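Novice: Handing you this structure, nothing more for now.
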Amino acid sequence: MAIHFSPSSNTIACGRSGASLSTTEDQAQVSCKLCLRSLDKAAAPVATNRTPTLAELRAAARAAKAPARPAESAEKATLSVKAAWQQKLEQLPGRNRLPRGAARQSFV
């Protein structure tokens, strides 16, 4: 018959229950394989070299982008809506993106 590890009177490390189970608090006397595994798992060191999760990588990318945003929004806030729209149209490729009369004549 296996001897189970029980840190308190009402719990057993492997999760089994019953009135006929033999339990002990001494880890050296434990013979139940599941109880031994749970004791080994608790004593195992935490892994230090682990790969970051996808959520951690996304959070790091968001944190890297965050400082750049307030500077851009402060610059855009000083422009009027019309000037901001004109600036956006100027950045588009091609010569005739601005409405007629809004830009200088670039060629004759």
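The values are calculated or read from the model by the stated rules, or taken from the named source; none is laboratory data. Since we're looking at a predicted model, the values are computed, not measured. Don't worry about glycine lacking a Cβ; one is built from the backbone with ideal geometry, like all the others, and counts go over all protein chains shown.
Every residue, every condition in (1) of a type in the set (S, T, N, Q); (2) at pLDDT 80 or above; (3) in a helix (DSSP H, G or I), yes or no:
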| site | (1), (2), (3) |
| --- | --- |
| 1 | no, no, no |
| 15 | no, yes, no |
| 39 | no, yes, yes |
| 60 | no, yes, yes |
| 75 | no, no, yes |
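Novice: Now, a different point. From the set of residues in the range 3-13 that are in a loop (DSSP other than H, G, I, E, B) and closer than 9 Å to residue 35 by Cβ, which is farthest from the chain's Cα centre (by Cα)? Even if it seems obvious, please write down each step before you answer.
Specialist: Taking the range 3-13 first, the residues in a loop (DSSP other than H, G, I, E, B) are 6-7, 9-10, 12-13.
Right, trim to closer than 9 Å to residue 35 by Cβ and you get 6, 12-13.
Values: 6: 36, 12: 34, 13: 32 Å.
The selected residue is 6.
Novice: Based on this model, can you work out whether residue 22 counts as among the polar types (S, T, N, Q), modelled with pLDDT of 80 or more and in the same structural domain as residue 7 (by TED's automatic domain parsing)?
Specialist: Working: among the polar types (S, T, N, Q): yes; modelled with pLDDT of 80 or more: yes; in the same structural domain as residue 7 (by TED's automatic domain parsing): yes.
Here the answer is yes, as residue 22 does meet what is asked.
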